[in-house]
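Peer 1: One structure, pasted below without further comment.
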Amino acid sequence: MTDEKLRRGIIVEAARLMYSRNESEYYRAKLKAARRICRGWVKPSELPTNAEIRDEIQRMAKLFEGNGRFERLREMRVEALRIMRLLSHCRPKVIGSTLTGHVRQGSDIDIHVFASSIDTVTGSLDAEGMDYEVERKRVRKNGEEQLFTHVHIRERFPIELTVYSPDKSSFVFKSSITGKAMERATLPEFEQFLRSEYPDADLEVELATADEAIDRFQVYRSLLIPLETVMQDEYYHPEGDVLYHLLQCYVLARDELPYDEEFQLAALLHDIGKGLDKNNHVEAGLEALEGHITARTAWLIEHHMDVHKIRDRTIGHRAYQRLRESPDFEDLLRLGACDRGARVCGAIVPDVEDALDELRDLARTYG
């Protein structure tokens, strides 16, 4: 191949790695792509630029996601505005793809905030009942070690706050993509930007709608977490607590139908009612999940106990025929197989946050 074809091949492969979330950093993606395409080591100076990779990622987003990404970008920008207003006392500045428009499936909202104490930031999040995690990273660059503090907020869209000291608010950060001054917008600048981008929009109405919207994944989380302390009958469930069983069932369902969010949710949530009413766990679970799952997921949960009756041949003929008439009957049997298989002591499962993050990504990609 010519040098130009090799370069183009590296660009496409690096973009594919990042678009599919197999790599999150440009440099690592380029190195891995170069080794695959060139079958050997490549000088870093000969690698494509980050901007070339970004542009190819956008081409892939346009190809695979269509015009839906523009509506998602708008929703992300409204969400960013909501968070910036909440943290206005921390002089927030929005950066990254939410500002530039270079979004794709799984893109997060990146905001710089400036505060002398992390408590200044988290206190506002706590007051709103937001779910977040504080991460501190030590990075060595140019012989110096720096400590960066990030706050990861779990909302409809993943949000990452990078916390700097107040004296850094006027500092000019360089973009890792272009090498030039990073594009950032203060709260007033961002509000003006949105009014120019969406002249027909009523931002206040959209903000109110976003503020009132309930994140269904937070509902799932609030129902799942307590199940870690709900133990089950050892005869039927030697694996232990309800949460462990549900996570095992989710893994099996994910492997069975890897692109079916509704089916995977049914597997993860089918016994959620055991933390509410052990005697009527199906009804209790469906009541708690009402409005937060689809009719198909609800049907699978509603009838998952019937699969045991089918297997034991204790189900009535008419009930069996009604189930068989459903277009989701085969998936109900699959759910039953996952339910039976999810009773292994010592099985490796993801934690709740990872499982929900995977489902969020699936919803964004195929929802």
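Peer 1: Counting DSSP beta bridges with both partners in the chain, what percentage is antiparallel, nearest 5?
Peer 2: Numbers: 24 of 30 bridges.
So the antiparallel bridges amount to about 80 percent of the total.
Peer 1: Can you work out the accessible area per residue across the range 297-346, with the rest of the protein chains kept in place, probe 1.4 Å, in square angstrom?
Peer 2: Spelled out: the 1.4 Å probe surface of the range 297-346, per residue, equals 60 Å².
Peer 1: Just to confirm a number: summing +1 for Lys and Arg and -1 for Asp and Glu over residues other than V205 whose beta-carbon lies under 14 angstrom from that of V205, what do you get? Show your work: numbers first, answer last.
Peer 2: Values: positive: R74, R82, R195; negative: E75, D200, D202, E204, E206, D211, E212.
Taking every other residue near V205 into account, the sum is -4.
Peer 1: Expressed as a whole percentage, what fraction of the accessible surface of the chain belongs to carbon and sulfur atoms when a 1.4 Å probe is rolled over the protein heavy atoms? Mind dumping the intermediate values first?
Peer 2: On the way: 9600 of 19930 Å².
Taking all protein chains in place, the chain shows 48 percent carbon and sulfur surface.
Peer 1: Another question about this same structure. Under 5 Å between amide H atoms, partner at least 5 residues away or on a different chain: which partners does Y164 have, H built in plane at 1.01 Å?
Peer 2: Here the answer is V113, F114, A115, since their amide H atoms fall under 5 Å of that of Y164.
Peer 1: Could I ask something else about it? Please give the per residue accessible area of the range 142-274, computed with a probe of 1.4 Å over protein heavy atoms only, in Å².
Peer 2: Details: 7030 Å² over 133 residues.
Value returned for the range 142-274: 53 Å² of accessible area per residue.
Peer 1: Eigenvalues of the Cα gyration tensor times 5, then square-rooted: what semi-axes does that give for the range 73-113, in whole angstrom, largest first? Provide the component values of the computation, followed by the final result.
Peer 2: Values: eigenvalues 68, 20, 10 Å².
Each semi-axis is √(5λ); the values are 18, 10, 7 Å.
Peer 1: When Rg is the radius of gyration of the Cα atoms in the range 110-265 and Rh is its Kirkwood radius, what does Rg/Rh come to? Please list the in-between numbers first.
Peer 2: Details: Rg = 21.4 Å, Rh = 20.0 Å.
Rounded to two decimals, Rg over Rh is 1.07.
Peer 1: How many percent of the alpha carbon pairs in the range 182-312 exceed a separation of 22 Å?
Peer 2: Working: 4224 of 8515 pairs.
Result: 50 percent of Cα pairs exceed 22 Å.
Peer 1: Take the range 151-202, compute every pairwise Cα distance, and split them into 5 Å bins from 0; I just need the percent in each bin.
Peer 2: Taking every Cα pair in the range 151-202, the percentages come to 4, 14, 13, 20, 25, 16, 6, 1.
Peer 1: Hey, how many Å between the Cα centroid of the range 318-367 and the Cα centroid of the range 145-168?
Peer 2: Result: 35 Å between the Cα centres.
Peer 1: Report, in deg cm²/dmol and to the nearest 500, the calculated mean residue ellipticity at 222 nm for the chain, where each DSSP H run with n ≥ 4 adds -39500 (n - 2.57) and the sum is divided by the residue count. All intermediate terms of the calculation are to be shown ahead of the outcome.
Peer 2: Values: 17 runs with 195 residues, N = 367.
Result for the chain, helices only: -16500 deg cm²/dmol.
Peer 1: Still on this structure: Do you know the relative contact order of the range 51-103, to the nearest whole percent, from alpha carbon pairs under 8 angstrom that are 6+ apart? Kindly include the intermediate steps, with their values, before the conclusion.
Peer 2: Values: 20 pairs, mean separation 22.4, N = 53.
For the range 51-103, the relative contact order is 42 percent.
Peer 1: Separate question: Starting from 0 in steps of 10 Å, tell me what percent of the Cα-Cα pairs of the range 249-316 lands in each bin.
Peer 2: 22, 48, 29, 1
Peer 1: Hey, another quick one. From Cα pairs below 8 angstrom and at least 6 apart in sequence, can you work out the relative contact order of the range 6-100, rounded to a whole percent?
Peer 2: Working: 68 pairs, mean separation 23.0, N = 95.
Here the relative contact order equals 24 percent.
Peer 1: What do you get for Rg/Rh of the range 53-155 when both radii come from the Cα atoms and Rh is the Kirkwood radius?
Peer 2: Values: Rg = 15.8 Å, Rh = 15.4 Å.
Radius of gyration relative to Kirkwood radius: 1.03.
Peer 1: While we're looking at this one, here's another question. Given that compact globular proteins tend to follow 2.2 N^0.38 Å, what is the ratio of the alpha-carbon Rg of the range 102-141 to that value? Provide the component values of the computation, followed by the final result.
Peer 2: Details: Rg = 13.3 Å, N = 40, 2.2 N^0.38 = 8.9 Å.
Compactness ratio reported: 1.49.
Peer 1: What Kirkwood Rh does the range 115-196 have if only Cα atoms enter the pairwise 1/r average? Answer in Å.
Peer 2: On the way: mean 1/r = 0.0667 Å⁻¹.
For the range 115-196, the Kirkwood estimate is 15.0 Å.
Peer 1: Using a 7 Å offset from the Cα along the Cα-to-Cβ direction at both K174 and K137, what is the distance between the two label points in nm, to one decimal?
Peer 2: Going by the 7 Å Cα→Cβ label model, 1.7 nm.
Peer 1: Starting at the first residue of the range 70-84, write each ³J(HN,Hα) from the Karplus equation 6.51 cos²θ - 1.76 cosθ + 1.60 with θ = phi - 60°, in whole Hz, x for Gly and Pro.
Peer 2: The phi angles translate into 6, 5, 5, 4, 4, 5, 5, 5, 5, 5, 4, 4, 4, 5, 5 Hz.
Peer 1: Per residue Cα convex hull volume for the range 1-61, in cubic angstrom?
Peer 2: On the way: hull volume 4.4 nm³, N = 61.
With only Cα atoms used, the range 1-61 gives 71 Å³ per residue.
Peer 1: Taking a quarter of the surface of the Cα convex hull of the range 213-282, what do you get in nm²? List each step's numbers first, then the result.
Peer 2: Numbers: hull surface 20.9 nm².
Result: a mean projected hull area of 5.2 nm².
Peer 1: Keeping all protein chains in the complex and leaving out DNA, RNA and ligands, what accessible area do you get for L252 with a 1.4 Å probe, in Å² to the nearest 10?
Peer 2: 60 Å²
Peer 1: So if the hydrodynamic radius of the range 249-367 is defined as the Kirkwood radius over C-alpha pairs, what does Stokes-Einstein give as its diffusion coefficient at 20 °C and 1.002 mPa s, in µm² per second? Display every interim value, and only then the final one.
Peer 2: On the way: Rh = 14.9 Å.
Translational D for this selection: 144 µm²/s.
Peer 1: Right, here's the next one. Tally Lys/Arg at +1 and Asp/Glu at -1 over every other residue whose Cβ is under 14 Å from the Cβ of L6; what's the total?
Peer 2: Every neighbour counted, the sum reads +3.
Peer 1: Taking θ = phi - 60°, what integer Hz values does the Karplus form 6.51 cos²θ - 1.76 cosθ + 1.60 yield along the range 252-265, in sequence order, with x for Gly and Pro?
Peer 2: Listing the rounded values in order: 5, 5, 4, 6, 6, 10, x, 10, 9, 5, 4, 5, 5, 5 Hz.
Peer 1: Something else about it: Given the C-alpha atoms of the chain, compute the convex hull and give its volume per residue in Å³. Could you put the intermediate results ahead of the total?
Peer 2: Working: hull volume 72.1 nm³, N = 367.
Given the Cα convex hull of the chain, per-residue volume reads 197 Å³.
The values are calculated or read from the model by the stated rules, or taken from the named source; none is laboratory data. Values in this document were obtained by computation on a predicted structure and should not be read as measured data. With ideal geometry, Cβ positions are generated from the backbone for all residues, glycine too; neighbour counts draw on all protein chains shown. When the accessible area is computed, the model is the full protein with side chains, heavy atoms only, and any ligands, DNA or RNA have been set aside. Shrake-Rupley method; radii C 1.70, N 1.55, O 1.52, S 1.80 Å.
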